[in-house]
């Protein structure tokens, strides 16, 4: 990097520059690279498989799969409005939960114990595109799964009774891996909502932030 800066190159290409560093050094070097870019303002192409590096360093992200571009956009666009199921699953950690469901008259049902009411806006989009009565894939990020009593009381038709399979306390938050019959999913919740494996819990799904994808093409339906 030093040699490239001295040469005053018009463009930098960085290919996995942090891949061989330990976690602590990777975080600090990521910050240093960001500072360099802000000071030099040189166009930089940064190749990485680490979606955290992409989200924190990039002005624009190009997500590729098998040599094909899937989406180009800002980190916020790629995270909040993924073009397809691959992008949705690639960006975010833990990755987005995916549920194979059938949509019918305002409700989704996976046939395994999860039946939820879809918000009116999302329902209208699905029906306008001809998906009433059809199978789709629903995606929901772990942070959109809630256990606060206020949420559960406000959205009773968007809650499920689940069992905790694995629990990870991460300080301010907890990662809870849960299951409803044969369907498993993960939620990132407040640490005060920590539960032990085997605990029976109620989990609320914020379907205002749900993504729906065509089952065959995997293209997003609700952006």
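Bear in mind that the values in this text are calculations on the coordinates, not laboratory data. Because the structure is a prediction, the values reported are computed rather than measured. Glycine gets a Cβ as well: all are built from the backbone with ideal geometry, and neighbour counts include every protein chain shown.
Computed over the chain with a Gaussian network model linking Cα atoms closer than 10 Å, the most mobile of 85, 202, 38 is 38. Listed from fewest to most Cβ neighbours within 10 Å, the set 103, 79 follows the order 79, 103.
What number in nm² do you get for region 133-205 if you take the convex hull of its Cα atoms and divide its surface by four?
That works out to 5.3 nm².
Taking a ≥ b ≥ c as the square roots of the eigenvalues of the Cα gyration tensor, region 97-222 is classed as prolate, since a/c reaches at least 1.5 and a/b is larger than b/c.
The order of 25, 36, 126, going from fewest to most other C-beta atoms within 10 Å of their C-beta, is 25, 36, 126.
Altogether, the Stokes-Einstein calculation at 4 °C and 1.567 mPa s, with the Kirkwood radius of the chain over Cα pairs as Rh, returns a diffusion coefficient of 66 µm²/s.
Computed over the chain with a Gaussian network model linking Cα atoms closer than 10 Å, the most mobile of 159, 43, 52 is 43. Short-range pairs are left out: with C-alpha atoms under 8 Å and at least six residues apart, the relative contact order of the chain is 16 percent. Taking Cα atoms only, the orientation of helix 23-40 departs from the longest principal axis of the chain by about 60 degrees. Beta bridges per DSSP, both residues in the chain: antiparallel share near 90 percent. Please label the shape of region 76-146 as rounded, prolate or oblate, based on the square roots a ≥ b ≥ c of the eigenvalues of the alpha-carbon gyration tensor (a/c under 1.5 means rounded; beyond that, a/b larger than b/c means prolate, else oblate). It comes out prolate by the Cα gyration axes. When the alpha-carbon atoms of region 1-90 are used, the pair Rg, Dmax equals 13.9, 42 angstrom.
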